[in-house]
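Dropping the structure in here first, questions after.
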Amino acid sequence: MFDTQSPQTDPQLPDPVFFAELDSASIALADLAQWDTSVFSGDELCLAVTQIERTRRFLDAASVQVLAELDSRGFTDSEHGMRTGAWLARESATSNLGAKSRVRTANKLRMHFPKVAEALRDGLISYEHAAAITGAANPRITNQLADISDQILNNITGTTYEKWKQQLGAVAELLDQEGGHRPGDDISDNTLRMHRGLNNTLFINAQLTGIHALSVEHTLNAHADQLFNQLNKDSKLTTDLPTPNRTTLLALALSNLAHQHTNNNNNTGNNNNGSSSSSNTASYGSGIELAITINNTDTRLDFSKLTDHNNQPLSAELANSLTCNPTIYALLTTNNATTLHLTRTQRLANRAQRRALAHRDGGCVFPGCTNPPQWTDAHHVEHWNNGGTTDLSNLASLCRYHHMVTHR
């Protein structure tokens, strides 16, 4: 977390005047947050909001300028073992996506869009405008966008952000004639990001190109149409079942397709004789996995302790739904999982140990890292070559990058 102490007391700071001014500004803003706004008139509140937002622009300008310089030095990587975005997320307790996006914006402003950075420093545009410009600048059109940055900035005056961003998108598409007509052969253009929210919610942000875009669009729309027809029939039978809107239908279509894929995977484990294939039941990550922690003092199974593979608790309703037709794995451990020993007979952690690590560590244990269990390696705390054993007491979950950092 950010240090609340005054930085000007550190005798090693290179420019105490700069940090003294920054400290004074922080104190003034902290005092501002304590004002009793109930005594202001409506006009005064409007004026205050306008001035606060203008101040925010200057803070954003200073932030991206410092971040770009910091990232160019690779300091957080060499000193803290974390890239600038991940370090910023840890120190400011903000999301990884937001912090990394801010660093990317800062770097593009510094390297390619000095006029946009200057407009931000002068308070003429917001950080959102700057981020939109850098976000539209793919490698094929970055130089062209930079050449017409004056016109892009002039278009901001007298219009809303939404309309201006639409115009920016149209300009970027016009400049990217070659890129806009590619058949989608560049597989790296296809991206999908997921992150978990509260109350067992999942946020998905995806970009698909070419045949991938057409295939997914057609499949989801076709399935959503089927759902609409079915739900529309149901709603005519009872008024208690209203037909969802299109966005909800598309979300339900995606969920149903995932369930169908899970069921198909499970069914492929059965041969013609009706016996189950061991490779299917042992595959990590196939189907929906739940974890139940049972202490030796428990006398009954408590479904309120159900968690998902990221060790997030599940609601009673969701637990009841998922456990109607479960595939159950048994993992017996003591309180510290010391019963899962391989000693020196095998170097790599086995499947059971990886499950135990996922449950115990919940992902990468490097300070500030939020990578989930499925992205981690089983790291030997005492190196194998130095006599370390492949026991849970000597294993820790580290993502591939931080695993590399620990072995530097």
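Derivation of every value follows stated rules applied to the coordinates shown; laboratory data play no part. Values in this document were obtained by computation on a predicted structure and should not be read as measured data. So basically every Cβ, Gly included, is an ideal-geometry build from the backbone, and we count neighbours across all protein chains shown.
Can you sort 126, 188, 95 from fewest to most other Cβ atoms within 10 Å of each residue's own Cβ?
Placing the least packed residue first, the sequence is 188, 95, 126.
How large is the convex hull of the Cα atoms of the stretch 35-181 per residue, expressed in Å³ as a whole number?
Spread over its residues, the Cα hull of the stretch 35-181 gives 141 Å³ apiece.
Got the relative contact order for the stretch 21-147 handy, in percent, Cα pairs under 8 Å and 6 or more residues apart?
Computed value for the stretch 21-147: 23 percent relative contact order.
Continuing with this model, one more query. Using just the Cα positions, wrap the stretch 351-406 in a convex hull and report its mean projected area in square nanometres, one decimal place.
Spelled out: convex hull of the Cα atoms, projected over all directions, averaged, 3.7 nm².
Pairs of Cα atoms under 8 Å, at least six residues apart: use those to get the relative contact order of the stretch 100-246, whole percent.
13
Follow-up. Under the 0.36 nm per residue contour assumption, what length would be gained going from the current alpha-carbon distance of residue 208 and residue 243 to full extension?
Contour length minus the Cα-Cα distance gives 9.8 nm.
Quick one: P(r) of the stretch 192-265 from all Cα-Cα pairs, 10 Å bins, percents rounded to integers, in order of increasing distance.
17, 40, 33, 10, 0
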